Amino acid sequence: MQVFRPWQWSKNGLVLAPALFAHRLLEPRGLVQALAAFAIFCLLSGAIYILNDIRDRESDRLHPLKSARPIAAGKLSVGQAWALFVPSILTALGGAYVLNPTLGALCTGYAIVMIAYSHGLKTIVILDVLIIAGGFLVRVVCGSVAIGEPFSAWLLLCTFFLALFLALNKRRHEIRLLDDEARLHRPVLGEYSTYLLDQMIGLAMAGAVVTYALYTRADETVAHVGSTNLIYTIPFVVYGMFRYLYLVHKKRQGGSPELTLVTDGPLVINILLWAVLSAWILYQK
């Protein structure tokens, strides 16, 4: 089970975002569709992680943290990994097409891009983090397609910038952790520097905050929600990103965003407060 990296499935929570903001989480049909899409993406992303670990098993053995992964550590053979990958990805894609043909096409496109990423695209500087951010964007679009509801363009942009923010911070953490051996583990890391990444991180953070603020004040949002009260959730977004930067710079965290987001007490409380306030505003009418 560990080879599927279930702790990273928190990323797939973005699939549920369209149902939340479209008032569909309290409707049985909408909830079932959203949860089905979530389950499909968990299986699909898990399969991609297996393929990535097969490809990177040699370099992972040189990494202080990734060397503990089942394939790199020798706990799971390459043959066994392939035996898990093939049925997992076929089941995920088949389930997506059954649920919605458009969802199936999106998941197929995601799988193709991520396989290409594992086979070489991740060695191209800047494009590597853009692909990761794009993967988060696809999750939101898939959630929207699954329930048959359009999603705000501002929230899509916010998702992209937020994912870019997390991906760039992860690169920064890898460089600081591996130091001079960063290029040996992953050649593309040699193309980055902490200064360059800090500039990019600043731009991504600004993009996420601005697009989220524009979403809360957009005419379609106000008409849908029935008020401008979502603007009061902005401080939670700002605090969350500032807190994450603090953890990256002062606590040397950020290598596993999915763990940091659910293990840091103040950050977890902030996310819960944002979610509760957002849900109350969205569902009070």
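The values are calculated or read from the model by the stated rules, or taken from the named source; none is laboratory data. If you're wondering where the values come from, they're calculated on a predicted model, not measured in any experiment. Ideal geometry is used to build each Cβ from the backbone, glycine not excepted, and the neighbour counts take in all protein chains shown. Accessible surface areas use protein heavy atoms only, side chains included; no ligands, DNA or RNA. Shrake-Rupley method; radii C 1.70, N 1.55, O 1.52, S 1.80 Å.
Go through the stretch 50-68 and give me each residue that's assigned to a helix (DSSP H, G or I) and over 20 Å from the mean Cα position of the chain (by Cα). Passing the criteria: 54, 55, 57, 58, 59, 60, 67, 68.
For the stretch 1-53, taking the residues that are over 20 Å from residue 108 (Cα atoms) and β-branched (Val, Ile, Thr), the one that is most open to solvent (accessible area, probe 1.4 Å) is identified as 32. If you go through the stretch 11-49 and keep only what is hydrophobic (A, V, I, L, M, F, W, C) and not in a helix (DSSP H, G or I), you end up with 22, 25, 26. Here is a check on your reading of the model: is residue 149 within 15 Å of residue 14 (Cβ to Cβ), over 17 Å from the mean Cα position of the chain (by Cα) and surrounded by fewer than 18 Cβ atoms within 10 Å (Cβ to Cβ)? Considered against the rule, which asks whether it is within 15 Å of residue 14 (Cβ to Cβ), over 17 Å from the mean Cα position of the chain (by Cα) and surrounded by fewer than 18 Cβ atoms within 10 Å (Cβ to Cβ), residue 149 comes out as yes.
Is one or more of the residues making up the stretch 178-195 in a helix (DSSP H, G or I) and under 30 Å from residue 26 (Cβ atoms)? Taking every residue of the stretch 178-195 in turn, none turns out to be in a helix (DSSP H, G or I) and under 30 Å from residue 26 (Cβ atoms).
For the condition closer than 30 Å to residue 33 by Cβ and modelled with pLDDT of 95 or more, what is the one hit in 47, 105? Being closer than 30 Å to residue 33 by Cβ and modelled with pLDDT of 95 or more holds for just one of 47, 105, which is 105. Residues of the stretch 74-104 that are open to solvent by less than 40 Å² (accessible area, probe 1.4 Å) and within 16 Å of residue 45 (Cα to Cα): 81, 85, 88, 89, 92, 93, 94, 95, 96, 103, 104. The residue of the stretch 240-272 that is farthest from residue 209 (Cα to Cα), among those that are aromatic (Phe, Trp, Tyr) and surrounded by fewer than 16 Cβ atoms within 10 Å (Cβ to Cβ), is 246. Can you find even one residue in the stretch 85-99 that is in a helix (DSSP H, G or I) and within 24 Å of residue 193 (Cβ to Cβ)? Looking through the stretch 85-99, none of the residues is in a helix (DSSP H, G or I) and within 24 Å of residue 193 (Cβ to Cβ). Search the stretch 207-223 for residues being open to solvent by 50 Å² or more (accessible area, probe 1.4 Å) and without any contact (Cβ under 8 Å) to a residue 40 or more places away in the chain, and hand back the single one that is farthest from residue 149 (Cα to Cα). Here the residue is 210. The single condition from (1) open to solvent by 40 Å² or more (accessible area, probe 1.4 Å); (2) not in a helix (DSSP H, G or I) that residue 71 fails is (1). Going by what's in this entry, would residue 128 be described as open to solvent by 40 Å² or more (accessible area, probe 1.4 Å), part of a helix (DSSP H, G or I) and farther than 18 Å from residue 107 by Cα? Here the answer is no, as residue 128 does not meet what is asked.
Here is a yes/no grid of residues against (1) closer than 24 Å to residue 17 by Cα; (2) among the hydrophobic types (A, V, I, L, M, F, W, C):
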site	(1), (2)
111	yes, yes
114	yes, yes
117	no, no
143	yes, no
152	yes, no
160	yes, yes
167	yes, yes
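Cβ separations smaller than 7 Å between residues 6+ apart or across chains give no pair from the stretch 164-178 residues that are on the phi > 0 side of the Ramachandran plot to residues that are open to solvent by 10 Å² or more (accessible area, probe 1.4 Å).
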